[in-house]
Amino acid sequence: MTLEEKTGRNYISHSAMSTWLNCGWSYYLSRIQNVAQNPSYWLVGGKALHELTEIYDALPLGSPFDSTAVFTQRWDENYKQADNGMPFRAGGRATKAYPNKEDTSWWLDNGPKMGDFWVQFRHDSGYQMYHLPDGAPAIETELNVQIGGVNMKGFLDRLMVAPTGELVVVDIKTSSKAPIAFTQLGTYAIMCEKLLGVRPTLGAYFMARTGELTPPVDLSHYTEARLGQWVSGFKIAVENNIFIPQPGFMCGTCSVNKACYAVKGEDSHMYPELGETNE
């Protein structure tokens, strides 16, 4: 079966490749078997925060803005959409203030603060929005290009112009730790070059919990040829049923762990190893 036949999509994304690299069996269960996934508070909160920043960035810079009202409204809407009757997963650690970890209470208290940090960053940093050929600001820009003979799709949080004049790929993160890899930013830089004809030279993460932008890193070593090798390799792996589980500390928060044989999930008998199927 082809990649499109297996996944139902005629494209791949950086997110899909990352899921497969982190745990091939999680990718198989969630994206090919379409196992029902436990929703998470952090995905609801992350989406609400991203939408808040989009709403703010659509306004003239410095406009009055109520982060609490906007975040709460977006949280409520996204929570309703995510609620599928399965238990929500909570990140973080239990504390005296938040004994249920980072649940609804935590996000409704801290999400608006993250929104205020973004507003402050936009006001004080000197970073300006890059404008696309049609004049629109590069906010949550959809990128569709072909890399290594495979269609790729992504959504770039922001393409911004630093005070130095350099183009910077900026991705907003609500996690407590900054990613140690910049492959996502490098991928978007390559896609920007192919689609827009401009090559961002730098990439950085905006860490919403602290309001800090990570030091911008050089993205020049991310080339289309290298990305093409990764993409084509991923395609070959999926089409040849290479889905290797990676049991570890992340299994406890995995959205499909109940269906996973590697951690003896209670529903894993429904999704046996590929050697035991007719594939």
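Throughout, read-outs are computed from the coordinates displayed, never taken from laboratory work. Just so we're clear, the structure is a prediction, and the values are computed from it rather than from any experiment. Note that each Cβ is placed from the backbone with ideal geometry, even for glycine, and that neighbours are counted across all protein chains shown.
Determine the sum of side-chain charges near L3: Lys and Arg each +1, Asp and Glu each -1, restricted to other residues whose C-beta is under 10 angstrom from that of L3.
Local charge sum for L3: 0.
Name the residue from Y127, N22, A58 whose Cα lies farthest towards the positive end of the charge dipole of the chain, charges +1 on Cβ of Lys and Arg and -1 on Cβ of Asp and Glu.
Toward the positive end, the furthest listed residue is N22.
Would you mind working out the magnitude of the charge dipole of segment 129-228 relative to its Cα centre, with +1 at each Lys and Arg C-beta and -1 at each Asp and Glu C-beta, to the nearest 20 Debye?
Once rounded to the nearest 20, the dipole reads 240 debye.
Can you compute the helix-only [θ] at 222 nm over the chain? Use -39500 (n - 2.57) per DSSP H run of at least 4 residues, normalise by all residues, nearest 500 deg cm²/dmol.
Mean residue ellipticity at 222 nm (helix-derived): -11500 deg cm²/dmol.
Using a basic spin-label model with each label point 7 Å from the Cα along Cα→Cβ, how many nm lie between D124 and R209?
2.0 nm
Give me the number: length gained by fully extending W230 to N84, i.e. 0.36 nm times residue separation minus the C-alpha to C-alpha distance, one decimal in nm.
49.2 nm
Compute the longest continuous run of the chain that contains no exposed trypsin sites (Lys or Arg not before Pro); treat a site as exposed when its DSSP state is not H, G, I, E or B and it has at most 12 other Cβ atoms within 10 Å.
The answer is 1-92.
What's the magnitude of the charge dipole for the chain around its Cα centre, counting Lys and Arg as +1 and Asp and Glu as -1 at the beta-carbon? Answer in Debye, nearest 20.
For the chain, the charge dipole is close to 520 debye.
What does the charge add up to near N38, with Lys and Arg as +1, Asp and Glu as -1, over the other residues with Cβ less than 9 Å from its Cβ?
Once positives and negatives cancel, what remains is +2.
Which whole-angstrom value gives the distance between the alpha carbon centres of segment 140-161 and segment 190-215?
Result: 12 Å between the Cα centres.
Taking semi-axes √(5λ) of the Cα gyration tensor in Å straight from the coordinates, which label in [x] 36, 22, 20; [y] 30, 22, 19; [z] 32, 27, 15 is the correct one?
Only one option fits the structure, namely [z].
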